[in-house]
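Note sheet for the following structure.
The values are calculated or read from the model by the stated rules, or taken from the named source; none is laboratory data. Computed from a prediction, not measured in an experiment: that's the story for all the values here. Cβ: placed from backbone, ideal geometry, glycine included. Neighbour counts: every protein chain shown.
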Amino acid sequence: MSSHHDSQPDQTQQASPRFWQRNWVKNTLTVLIFIGAYLALRPFMQGDVIQGQVPDISVQTLQGETLSLRELEQPALIHIWATWCPICGVTRGSVESVAEDYTVINIATQSGDDDQLLHYAQQHEMNPAIIVNDLDGELMKQFGAKAVPADFILGANGQIEFVEVGFTSELGLRLRLWWAGLQP
């Protein structure tokens with residue numbers, strides 16, 4: 001005589017999750033969705049950024065030094081950022097570190113007057129000798145950027161070799177500057 005208990009499946013065994021419910025599949029799909037969203041937004045973020053020759057503009061740093069963008073030592077980084085931009089805050093240390101080894105011009109756009117910007121630089125241990133105040137956003141417009149941070153890597157003769165809008169790692173900046181320095 002068989003008991004009723006023997007004919008029922010063991011309730012302690014759990015069925016393995018369906019393919020779509022597995023953690024690695026969910027994580028992979030999440031990453032792919034974020035990459036897809038980033039790539040979809042990238043053309044808007046890039047805006048109508050300039051290519052080719054850097055504009056023949058003279059700028060003045062917070063310390064009063066006048067610099068011609070076309071006469072910068074090559075390779076060089078022109079970094080457009082804002083005090084109100086959270087991503088700019090994340091990349092701030094990377095840009096300051098890169099500035100120890102390469103020519104960097106930090107253009108702060110729409111971030112207050114010179115005194116406010118100097119105070120911000122002091123609070124965040126930034127080098128005011130490389131900061132330019134773009135009070136009204138005119139320099140940002142001349143570069144065609146619609147979002148910050150925007151990075152322009154200059155190579156030989158002031159040619160813009162690379163443009164990145166949005167987050168860029170220190171390693172990414174250094175590799176682009178190194179590559180731009182190799183170009184004839």
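Some notes on this structure:
- Put simply, of S58, S7, S111 the only residue that is loosely packed, with under 15 Cβ neighbours inside 10 Å and at pLDDT 75 or above is S58.
- Residue within region 128-141 that is over 21 Å from V54 (Cβ atoms) and surrounded by 14 or more Cβ atoms within 10 Å (Cβ to Cβ) present: yes
- Residue check, H79 over 24 Å from P184 (Cβ atoms), surrounded by fewer than 21 Cβ atoms within 10 Å (Cβ to Cβ) and modelled with pLDDT of 95 or more: no
- Some residue of region 64-72 being assigned to a strand (DSSP E or B), at pLDDT 65 or above and surrounded by 10 or more Cβ atoms within 10 Å (Cβ to Cβ): yes
- Of all the residues in region 168-184, those that are surrounded by fewer than 14 Cβ atoms within 10 Å (Cβ to Cβ), under 12 Å from the mean Cα position of the chain (by Cα) and not small (G, A, S) number 1.
- Residue match in region 114-122 (condition: surrounded by 14 or more Cβ atoms within 10 Å (Cβ to Cβ) and closer than 21 Å to Q74 by Cα): no
- Any hit, region 152-170, residues being in a loop (DSSP other than H, G, I, E, B) and closer than 20 Å to L62 by Cβ: no
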